[in-house]
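What follows is a set of notes on a single structure, which appears directly below.
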Amino acid sequence: MPNRDYHSERREYNFATLDKEQINADPFAQFSQWMTFAHQQEAIKDPTAMSISTVDVTGQPHSRVVLLKEFSTDGFVFYTNYESAKASELISNTKAALLFFWPEMDRQIRIEGQITKIAANKSKDYFLSRPRGSQLAALISKQSQVVKDRQTLEQRLQTAEETYENQEIPAPDNWGGYLLQANYFEFWQGRPNRLHDRFRYQKDSNGSWDINRLSP
């Protein structure tokens, strides 16, 4: 392996500033503002990509990237296989964390909360709206399980294509959406010399949001 020194890998963050007078008192409105702006930046190819971190029964955290499909004051929705590793982890621990990172804008958003499944009919409606290839892939994939080789996956896909030719593909019972109900937000704006702007939103006992600036 090349012995590359990463100590000198750095750049300055000069995209924007963030202060308390700028941010919205409602974290969902602040999220919407930043997400809308991210969508408007041509340089950002996957603005809805987010890391989701879960914890297994041994206390080991696990992270992976999924796509946000919906958000409101109810929470943040993503879809996956209900027999996947992340789904198994959510059975034993419903607490999870999301992370959006947009390096093109020197911004990240941390969100934490409790996760629940969404209604089955809502999952089915979304499944039927997906491209046919994505439907077939969800149908044949035994997510997170060991598979012998790529050819096995291709064969499963071909069999499914033949089986459901000219037919509607049924939504799998083991596939659907999750909703993260947020109780914590942190908005991070990179600044020069690593003196970043960070604002934390936490729910108090009355359900209101307390906002505090954090040290970088």
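No value in this document is a laboratory result; all are computed from the given coordinates. Everything numeric here is computed off the predicted structure, so don't read it as measured data. Virtual Cβ from ideal backbone geometry, glycine too; neighbours counted across all protein chains shown.
The phi torsions of the stretch 202-216, fed into the Karplus equation with coefficients 6.51, -1.76 and 1.60 and a -60° offset, translate into couplings of 10, 6, 8, 5, 8, x, 8, 9, 8, 10, 9, 7, 10, 5, x Hz, rounded to whole numbers, with Gly and Pro shown as x. Charged neighbours of Lys142, selected by a Cβ distance under 11 Å, balance to 0 (K, R count +1; D, E count -1). Rounded to the nearest whole Hz, the Karplus-based 3J(HN,Hα) values (6.51 cos²θ - 1.76 cosθ + 1.60, θ = phi - 60°) of the stretch 64-71 follow the sequence 7, 9, 10, 10, 5, 10, 6, 8, with x at glycine and proline.
Database remark: amide H of Ala182 closer than 5 angstrom to the amide H of Phe76 (H placed geometrically; neighbours at sequence offset of 5 or more, or on other chains; Pro and chain starts carry no H).
Determine the alpha carbon to alpha carbon distance for each of Lys69/Lys203; Lys95/Lys203; Lys45/Lys124; Lys45/Lys95; Lys95/Lys117 and list only those over 18 Å. Too far apart for the 18 Å limit: Lys69/Lys203; Lys45/Lys124; Lys45/Lys95. Remark: the stretch 138-152, residue by residue, has Karplus-estimated 3J(HN,Hα) of 5, 5, 8, 7, 9, 3, 6, 8, 5, 10, 4, 6, 5, 4, 4 Hz, where x stands for each Gly or Pro and the curve is 6.51 cos²θ - 1.76 cosθ + 1.60 at θ = phi - 60°. Volume per residue for the stretch 136-202 equals 203 cubic angstrom (convex hull of Cα atoms).
In a simple Cβ point-charge model (Lys, Arg +1; Asp, Glu -1; nothing else charged), the stretch 1-82 has a dipole of about 260 debye relative to its Cα centre. Of Ser134, Asn183, Pro170, which is farthest towards the positive pole of the chain's charge dipole, taken about the Cα centre with +1 and -1 on the beta-carbons of Lys, Arg and Asp, Glu respectively? The residue sitting farthest along the positive end of the dipole is Asn183.
In the stretch 49-124, a dipole from Cβ-located charges (positive for Lys and Arg, negative for Asp and Glu) runs towards its positive end, and of Phe101, Asn121, Thr73 it is Asn121 whose Cα lies farthest in that direction. Charges were assigned to the Cβ only: +1 to each Lys and Arg, -1 to each Asp and Glu. The resulting dipole of the stretch 77-182 about its Cα centre is roughly 300 debye. Charged side chains reduced to their Cβ positions (Lys and Arg at +1, Asp and Glu at -1) give the chain a dipole of some 380 debye around its Cα centre.
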